1. If you place +1 on the Cβ of every Lys and Arg and -1 on the Cβ of every Asp and Glu, how big does the dipole about the Cα centre of the chain come out, in debye to the nearest 20?
2. Between ILE71 and ALA3, what FRET efficiency comes out of the Förster formula 1/(1 + (r/R0)^6) with R0 = 25 Å and r the beta carbon distance, rounded to 0.05?
3. Suppose each label sits 7 Å from its Cα in the direction of the beta carbon; what would the ALA56-MET80 distance come out to in nanometres?
4. For the chain, what is the mean residue ellipticity at 222 nm derived from helices alone (per DSSP H run of n ≥ 4: -39500 (n - 2.57); sum divided by total residues; nearest 500 deg cm²/dmol)?
5. For the chain, what is the accessible area per residue in Å² when the probe is 1.4 Å?
6. Apply the Karplus curve 6.51 cos²θ - 1.76 cosθ + 1.60, θ = phi - 60°, to the phi angles in the range 93-101 and return the couplings in whole Hz, x for Gly and Pro.
7. If I compute Rg/Rh (Cα atoms, Kirkwood Rh) from the structure I just sent, which labelled value in (i) 1.04; (ii) 1.11; (iii) 1.00 lines up?
8. Counting only protein heavy atoms and a 1.4 Å probe, tell me what percentage of the chain's accessible area is made up of carbon and sulfur.
Amino acid sequence: MTAINLATDIPSQINTLEKLTAWCQLTLQHINPQMRAIEGVGYEERVAQAGIFYVAADNKYRLLGRTSIQISADYLAGGMKQWQYAQELSTTAIPATFRSN
């Protein structure tokens, strides 16, 4: 799992859930650009995808992100929060550019 130190790795200017989500999506996509997972019979997809797109219909830019993270089957009987069963994608370190404001 890409380990994080909450005090030093997440930029201090991240102060909303939306900014944290954007940071996570962009960071996972950056460090795992070619990693793929089987998501169905004969179907693979990249485990992390993120991009910023212009939407002409409302004249705004939007970050579109997608992740595919394996969840331990123990979540079915366990008593922890569902996110605690997430399995690592890789052990790639977070680049310095993603740890600064």
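1. Around 260 debye, computed over the chain.
2. On the way: r = 19 Å, r/R0 = 0.75.
Step by step, r from the Cβ atoms, then E = 0.85.
3. Spacing of the two 7 Å Cα→Cβ label points: 4.7 nm.
4. -5500 deg cm²/dmol
5. Per residue, the chain has 74 Å² of solvent-accessible surface.
6. With coefficients 6.51, -1.76 and 1.60, one gets 6, 6, x, 4, 5, 8, 9, 10, 5 Hz.
7. Derived directly from the coordinates: (iii).
8. Ligands and nucleic acids excluded, carbon and sulfur give 55 percent.
The values are calculated or read from the model by the stated rules, or taken from the named source; none is laboratory data. Bear in mind the structure is a predicted one, so any value in this text is a computation, not a measurement. Methodologically, a virtual Cβ is constructed for each residue, glycine included, from the backbone with ideal geometry; neighbour enumeration extends over all protein chains shown. Just so you know, the surface numbers come from the protein's heavy atoms only, side chains and all, with ligands and any DNA or RNA stripped out. Shrake-Rupley method; radii C 1.70, N 1.55, O 1.52, S 1.80 Å.
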